[in-house]
Amino acid sequence: MTLGDGILTTLGFAGYLTGALLCAAAAAWILRKGDKDRPDRIPALVAVSVTGVWCALAAASGAQDPAVRFVEAGRNLALIFLLFRLFANDGRDESLKPTRPLVLILALVQLLQPVLLIVQTRLALTPELAALIFELGALLQLLVAIGALVLIHNLYAGAATTSRQLLRWSALALAGIWVFELTFYVIAYLAASEPLALAAARGLCFGMAMAALAMGANAANAGMQFRPSRAVTFQSLSLLVIGGYLIVLVLITRSMVVLGEDLARITQVVFLLLAIGSAVVWLPSQRLRAWVQVTATKHLFQHRYDYREEWLRFMRTIGRGSSTGPSFQERAVKSVADITESPAGLLLVPNEEAQLELVARWNWSTLAVPAIAAEYELSGLLEQHSHILDLNEARAGIDHRGELQHVPDWMVEAEDAWALVPLIHFDRLVGVIVLARPRIERKLDWEDFDLLRVVGQQLASFLSEQSGQQALMEANRFDEFNRRIAFVMHDIKNLASQLSLLAKNAEKHADNPEFRADMLVTLRSSSDKLQTLLARLGRYGQGQSSTLQSVNLTDLAKRIAAQFKATHPVILTRESSANVTADIEGLEQALIHLVQNAIDASAEGESVYLEVSTEGMNGRIDVIDAGCGMSPGFIRNGLFKPFVSSKQGGFGIGALEAREIIKSMGGRATVESREGIGTRFTVLLPLNEASKVLAHDRNQSSEVA
C-alpha cells in the first residue's frame, strides 16, 4: 500500500465513523422532534438507521466487506421506499400510480446486487469474470441512481407550493445521495475500479444527507433555508475568480505552446500586464467594488423583505383611520417605521420658506425638536437628489451630496435618530420621515434604500392628496364665508348711512342743545367706528398696509398690558428700544388677539408675559404663556386654518387674521408650543431704518423698470 492509499484509507475510516454518528443523531432527532402524523416518518427512520449501520460496519470492516455490501443493498432499498412514501405527503401516492412500476423495477434491480455479490464471491475464479461482474454491478447501480433522480424530479416539480416547503430538505438529501452515487459509479465503470478519493468521502456524504433528511422531518424546520453569510459568499466568489483566472491562464499558455515558445511567452507577459492593470483599477475604486458587492448581493441572496406582506401592511396602516385613533400624519410615520422595525419616528414638512417643521410624532415624545427642525438647504438637497440620509454616516463625517453641513445639530446629537426618508411627489419635497434606530442594530443597505424610496413616493402622493382635499374644502368654506360677509358688509354700510342721516336730522330738528350735542357726539363716534371697520374689511387680503408709521413696541406693549390689567395679569418682562414701521391700529388688534388667546389657554390668575427686543433688522415682541400648549399637528393643520378652533364656539379666523395683518406690514408671525408646557408667539416687524432701506431699494427697482 502506498502512502497516498494509506491516507485515503484513514480518511475513509474517519468519514464512515462521522457518518455513523450523524446518522445516530438524525435518528434520535426524528424520534423526538419528527412529526408523528407524517406518512414518511417510519421509512425515514428506517433509512437513517440502515445507513448508520452501513457506515458503522464500513468503518469497522471496510467498505468492500461482503456483509457491508449486503447492508448497502438494504440501505438503497430503504431509500427507494422512503422516496415512494414522500409522494404521500400531498396524496399523490394514490394519483401517481405510474410511479409504482418504476419503484418496483428499481427495487428488483437493487435486489440483483446481493445475487451478483454471491456470484462474485463464489464463482469469480478468473480476473476477466470478476471484472465483468464488477462492470455489471456498476451498470445496475447507475440504473438505480438514474431512476431515483427521475422520481425525485417528479416528486418536487409536481408538488404544490405548500408541499414543496415540507419536501425541500428531504428532496435535497435524496438528490445529494443519488447524484453522488451516480458520479461514483460512472467513474467506477469507466475506470474499471472504485475511485478511492470518492470512496473515502462516501460515509461523510451519506451522514450529512441523513442530517438534512432529519431536518425535513419536522414541519417547523422544513421552511429553513441555507443562507450563507455575505462574507463567506464574497470570499467564495473571490476564490472562484482567482481559480478561474489561474485556469484561463494555464489553458491559454498551454494553447500557445503549440504555436511556439516565443508566442507563449509574449502571451504570458500580456496576460500579466492585463491582470496588473485590472488590479490597479479595481482595488482603489470603492465605487466599483461597492457596485460589484451590491450586484452580487441582489442576485445571490434572497431578499430581506417579503414585498407583498410589506405592501399590504403599509396600505392597512395608512387606510386604518378613525375619529379616536391616531391622525393620518402619525399613521404615515408608523407605516414607514414598520418597514425597518424602527420603534419611533417623526414627520417634518416644509413651510412657506421651505424650512422643515415638525408636524407629527409617533412614539417619540421625549425628543426635543426645535420650531425650525432644518433649514431650506437640507430640504433642497433632499428634493433634488431623493437621497435617503443615513445619520450614522453623517456622524462619521461621510458626505455624499454635500448634505453634511446642512444636517441640524439636534439630529446628530440624538443618538436614536437613524435615517431621513424624503417624501417626493412629482419632484417636489412633500415631507421627511425621521426614523429611530431599530432595536437590533444593522446598517442600511441597497434593499432598504429601494423599498424606502418607493414607499416614500407613495406616501408623498397620499400626503399631497390630503393637502389638496383640505385646500379644496377651505376654498369652498371661504367661498361660503365671502358670500356671508358680503351680506354683513352690505348691512353695516346701510346702518352707517342711516346713522349719518340721523345725525344730520338731529342737528336740524333737536330743540335741546345739550341733548343735541351729546347725540351728535355719540352718533358720529359710532359712524366713525363703522366706517373704520368697513375700511379694514375692504382692504383685508390686499397685501401691504397703506397706513404705515413708526411704532414704539415698548409703548404699545405697555398699553396692551394696561388694557388687560383689570381682567388678567399681563406683565411686560423685557423692554428694548424697538421702533418699527407698522399700522398701529392693525398691529394693536393682532397683538390683542394673541394676548387674549394666551389668556384663554392659561389658568385663572396665571400671568401672560410680553417681551420686546430686537433681532437683526427686525423689532420683536413675544407673547408667552404657560398654558395647555398645542400639538405640532394642530399648529400645522389647524392654528392658521380658517374655521378650525380649539375653543368651544370659536369661529377660527382670529389667528389667521392676526398673521395676515402682520404679513401686510412686511412682518411675520411664528409660534413655538409644547403640550402641557406653554406657547410662545413671536411677531417680527422691520425696524424703521430697515424699512427705509427696503423702500429705497423698491423705488430704485421701479425706476429701472
Point to revise | Extreme residue, surrounded by the most Cβ atoms within 10 Å (Cβ to Cβ), among residues of the range 115-126 that are in a helix (DSSP H, G or I) and among the β-branched types (Val, Ile, Thr) | key: 119
Practice item. With respect to residue 137, determine if the residue is among the small types (Gly, Ala, Ser), modelled with pLDDT under 85, surrounded by 15 or more Cβ atoms within 10 Å (Cβ to Cβ) and in the same structural domain as residue 47 (by TED's automatic domain parsing). Key: yes
Revision key, fill the gap. Output for Cβ contacts, cut-off 9 Å, separation at least six or different chains, first residue of a type in the set (S, T, N, Q) in the range 306-318, second surrounded by 11 or more Cβ atoms within 10 Å (Cβ to Cβ), reads 317/331; 317/332; 317/334; 317/335; 317/338
Review point. Of the residues 173, 157, 145, which single one is of a type in the set (Gly, Ala, Ser) and modelled with pLDDT under 85?
Key: 157
Review point. Any idea which of (1) among the aliphatic types (A, V, I, L, M); (2) closer than 25 Å to residue 427 by Cβ; (3) assigned to a loop (DSSP other than H, G, I, E, B) is the one residue 332 doesn't satisfy?
Key: (3)
Check your understanding: Can you tell me how many residues in the range 575-633 are more than 46 Å from the chain's Cα centre (by Cα) and in a helix (DSSP H, G or I)?
Key -> 7
Exercise for review: For residue 78, state whether it is in the same structural domain as residue 182 (by TED's automatic domain parsing), at pLDDT 80 or above and either touching a Phe, Trp or Tyr at 6+ places or on another chain (Cβ under 6 Å) or hydroxyl-bearing (Ser, Thr, Tyr) (or both).
Suggested key: no
Point to revise | Sole residue being outside any helix (DSSP H, G or I), farther than 23 Å from residue 199 by Cβ and out of contact with any Cys (no Cβ under 6 Å at 6 or more places or on another chain), chosen from 39, 43 | key: 39
Exercise for review: Inspect the range 56-63 for any residue being at pLDDT 80 or above, buried (at least 22 other Cβ atoms within 10 Å of the Cβ) and small (Gly, Ala, Ser) and give the result as yes or no.
Suggested key: yes
Practice item. Within the range 175-184, identify whether any single residue is within 19 Å of residue 26 (Cα to Cα), in contact (Cβ under 8 Å) with a residue 24 or more places away in the chain and surrounded by fewer than 20 Cβ atoms within 10 Å (Cβ to Cβ), and answer yes or no. Key: yes
Review point. Do the conditions hold for residue 53, that is, is it in a helix (DSSP H, G or I) and within 17 Å of residue 171 (Cα to Cα)?
Key: no
Practice item. Tell me, please, whether a residue that is assigned by TED's automatic domain parsing to the domain that holds residue 334, surrounded by fewer than 16 Cβ atoms within 10 Å (Cβ to Cβ), under 21 Å from residue 343 (Cα atoms) and among the hydrophobic types (A, V, I, L, M, F, W, C) can be found in the range 405-421. Key: yes
Check your understanding: Going through the range 120-155 one residue at a time, which ones are within 16 Å of residue 177 (Cα to Cα) and without any contact (Cβ under 8 Å) to a residue 24 or more places away in the chain?
Key -> 153
Review point. Given the conditions (1) under 25 Å from residue 410 (Cα atoms); (2) not in a loop (DSSP other than H, G, I, E, B), and given that residue 310 satisfies all but one, which numbered condition is not satisfied?
Key: (1)
Check your understanding: List, please: which pairs have Cβ atoms under 7 Å, are six or more places apart or on different chains, and start with a residue in the range 367-383 that is farther than 13 Å from residue 414 by Cα and end with one that is part of a helix (DSSP H, G or I)?
Key -> 375/406; 377/406; 378/406; 381/406
Exercise for review: Could you tell me whether any residue of the range 423-436 is among the small types (Gly, Ala, Ser) and farther than 26 Å from residue 325 by Cα?
Suggested key: no
Point to revise | Lone unmet requirement of (1) touching a His at 6+ places or on another chain (Cβ under 8 Å); (2) part of a helix (DSSP H, G or I); (3) modelled with pLDDT of 90 or more for residue 456 | key: (1)
Check your understanding: Among the listed residues 373, 460, 417, which satisfies the condition of being touching an Asp or Glu at 6+ places or on another chain (Cβ under 7 Å) and within 23 Å of residue 636 (Cβ to Cβ)?
Key -> 373
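The values are calculated or read from the model by the stated rules, or taken from the named source; none is laboratory data. The model shown is predicted, which means the values in this text are computed figures rather than measured ones. Here Cβ is always computed from backbone atoms with ideal geometry, including for glycine, and neighbour counts include all displayed protein chains.
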